[in-house]
Structure formats: C-alpha cells, structure tokens
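In what follows, a single structure is set out as structure tokens and then discussed.
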Amino acid sequence: MDFRYDRQTRLKGFGSEGQAKLVAGKVLVVGLGGLGLPVVQYLNAMGVGTLGLVDQDIVELHNLQRQVLYSEKDLGKSKLEVVHEKLGAQNASTHFNLYDTFLTKENAMDILQGYDVVVDATDNFPTRYLINDACIILGIPFVYGALHGFEGHVSVFNHQEGPTYRCLYPNMPSSEEVPDCNDNGVLGVIPGIIGTLQALETVKVLTGIGEVLSGKLMVYDGLSQNATKISFTPYPANLKIKRLQDSYESLDCELVLEINVESFQAIRDSATQLTLIDVRTPEEFEQNHLSEARNLQLNQLGEVKPDAVFPQEVYVICQSGKRSAQAVKQLQKLYPNSQFYSILGGMNKMMAISPNL
Amino acid sequence: MTILLFGVTKDIVGSSTLSVPTASATGRKIPKTVKELKEFLGETYPELNKLSSLAVAVNNSYAQDDESIDAYDEIALIPPVSGG
C-alpha cells in the first residue's frame, strides 16, 4: 500500500485492510459549511476513494470564522468549486462527484443512491429529515452532526438496523422554536470538533473498526468539555419508511388535503378498494354511513397504534367536513407516509348528490 | 432532583442545570414520571411547551413519557439542534 498512508496502515487494528476499505469507500457529504469542511478534508486526506459533495452556497464573510478551508480571496466564489480545487490539490487520487444544488425531495434519491455512507453536515431541520428518510429507503447509514452555540450532537443513524433520527426526534421542529447558527451564533471551533468526530465515525462505518456511535447520541458541551452519551433504541415504524414525504417544509402551515364529493364519488365508482374513515360518533355512524366506511372517532385517533399500516390514500369523512379536516391534520402527522383527504361537506354533501344513501 | 439542560432548553431556562424539589413545601405536585416532569417544567417555563420534539434522558437513556423518575435519577433535557 501507498507510503502516503503509512502512518495509519501501520496502526494495529487498521492496517492495509482498513486502508483498502477507505479507498473503496464512497461517501456523500451534504453541506460544505462548518461541519462539512473538516469531514471532507480528513476523509480526503485519509484516502477515501470517492467523495460526493453537495452545496450551492457561495463563500460569505461571516462564514470565515468557522469554515476554515475558505480564505478571504474565496469570498463570493461557489463553495463547491473552492472545495473541489483545494481537495483536488490535497489528494489527486480521490474521485469527486459534484452536485451544484441543495438537496431536495426531488433530487435526494438520485443523489444518495450508490453511496456507502451519507454525512449530514447541513444546517436546517427539513434537510436533516429528508436525509433521514432517503437513507432509510435506500438502506444507507448516515453520520449526523449538529450544533447549538457551544454544544454539538453526533450520532450514526440507520446503521445495521440501528435507530434513526426520527427515533430521537419524531416531529420536525419549526425554525421558530429552535434557532440556527445564523440566529443563535456558534463558536468557531465547535463545528471543527463536531465535524471531525463525524469524519471519525464515517471512517469507523467504512472500515468496521471500533464501536460505531449507533443507538447513542453524543452531546458535547464545549464550555465544560463534557461529552454525554445517551442511548436510545429503534422505533420499528421508523425503520419501515418506504417513500419520501410530499413536503419537508416547516409543518407550521398544516396543509389539509381536501376532495369534493363529486370527485370522491367518482373514485368510489372506479376503485376496487378504498379506505374510508368516518370520524363521527358511533350514534351518528349507526344512523347512516357509506358502505366502505369504518368508524373511528376523532378523539380515538391518537390511540390508533402508531405502527398501524394505512394504504397510500385514505379518505376521511364526518357530517359537515369540519371534524374530518381536524382528523386529517392529526393523522397526517402520525402517518406521514399516507396521504389523507378530508371530504368537503361530509355526509351532508354526499347525501345531496346521492339521496338514496 | 437535578436536571441538566442542553440546547435551547438551556437558553429558555437561562442556566445549564435546574433543581426540582422532591418534597412539596408549596403544595405543588411532585413529578413522578417524565410526562409529569415536562408538565411541571412547562408551568414555570411555558416556552418549553412549544418544543415539538424534546428528548428526555434518564440515567443516560432516552426515556418515554410514562417512565417513572425519582430523586436519584440523573435527568437531561436534550432538544433537537439544527446548526451546521
């Protein structure tokens, strides 16, 4: 093996076998900011064979206190280009895949496909949840890092059936409730520490050395130099995500999908199978209901087993459309992989179009 | 009962630790579960109620809402963080 890597190949427990695994390794790094830079610099120096880089930002003055690969003469340039140039000079044998874009639900599956490890070095919740879900669907472990002020988080999710980001934080916070670095500030050296830990975890996942930080969240506090490790277990439903959510935008604007009774009737007429939930009281349900309907009251919805399986499309009805809209909000949160439709005007409108119900 | 605070919970409370009484001198209900602890803290710091996900660790393990807690447990509030 190359003398270049002599100081790590001579390590017992790593050796030329470990180096061969790095060379064969394909790692995607999402975000070339405070976390992403130490990750790509170390992985590139250590000889990871293929590095995918995703970012569309340009270098700005306020980046320089923590994004230490960039210099003053890089201001205004694309981060992707600067990183490519510097990393290419650092290690000419690395193969780079450049993605001049932000990760979106439209491009995520295509970009992630084929990588051995994904490194989440982003700075916002929607992209973190998107990476989580895409990695579960594709079966790729991902190395997570995130910052808040003087603190940082590190963990490895979706590694050998291990827990996921959603097992720790099931619901995506709004940007208002948890501020990011732009609003809250971050001490320049903290992303360097957390990003370097992410690089180490990536090497461990690729080579199989040591104990991967799977099922454990490391919370590092720079002010006290305390690192707390919290263990957590997988929540089975989170490992079974089969498709991306329709939106990863902030969940504040709770969008309720609605369907009018004419369109719904057309679906009833054509569909061989249909899932319809009637959220009225059992008394109301007994008086009249559609033949396909199953009665599930609004206040019982939270008690539906969280791992219950719903088909892709579920229709929800009540008397006038109010309770069904409320139910759709609740159900959509509990079962993000299904699409819930509230039937506009409810049973009142249904009876108006087919009076013999 | 001492609670370690991380992330935005530290900012909300304005301190990195918080002490919760284990015997009531004021007639307030003493929290016996994780859920009750969240409610107890939420009364004093309503901003905590706004967090849509808040991990609570009891003795360094992620705890569900129904897990019981006592004076000897080491408790930490670990909200999600987003910076990068």
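Each value in this text was obtained by applying a stated rule to the coordinates, not by laboratory testing. Everything numeric here is computed off the predicted structure, so don't read it as measured data. All Cβ positions, even for glycine, are placed from backbone atoms using ideal geometry, and neighbour counts span all protein chains on display.
Data table
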{"read-out": "Pairwise label distance in nanometres, A:Glu292 with A:Ser16, each label 7 Å out on the Cα-Cβ vector", "value": "6.5 nm"}
{"read-out": "Mean separation of Cα contacts under 8 Å, 6 or more apart, over the residue count of chain A: relative contact order %", "value": "14 percent"}
{"read-out": "Sequence-distant residues sharing a close amide H with A:Gln319 (under 5 Å, placed H)", "value": "A:Met347"}
{"read-out": "Reachable lysines from A:Lys322, criterion Cα separation under 29 angstrom, eight or more residues apart if same chain", "value": "A:Lys305, A:Lys333, A:Lys349, B:Lys50"}
{"read-out": "Global geometry of segment B:2-78, whether rounded, prolate or oblate, following the gyration tensor of its Cα atoms and the 1.5 cut on a/c", "value": "rounded"}
{"read-out": "Length added when fully stretched, A:Lys73-A:Leu61, from 0.36 nm per residue minus Cα-Cα", "value": "3.3 nm"}
{"read-out": "Inter-probe distance in nm under a simple model that places probes 7 Å from Cα toward Cβ, at A:Val309 and A:Thr104", "value": "3.3 nm"}
{"read-out": "At 1.567 mPa s and 4 °C, Stokes diffusion of chain A via Kirkwood alpha-carbon radius, µm² per second", "value": "57 µm²/s"}
{"read-out": "Pairs from A:Lys240/B:Lys35; A:Lys240/B:Lys29; A:Lys21/A:Lys86 whose Cα-Cα separation, in the structure shown, is over 31 Å", "value": "A:Lys240/B:Lys29"}
{"read-out": "Relative packing of A:263-271, A:135-143, which averages over residues the other C-beta atoms within 10 Å, highest first", "value": "A:135-143, A:263-271"}
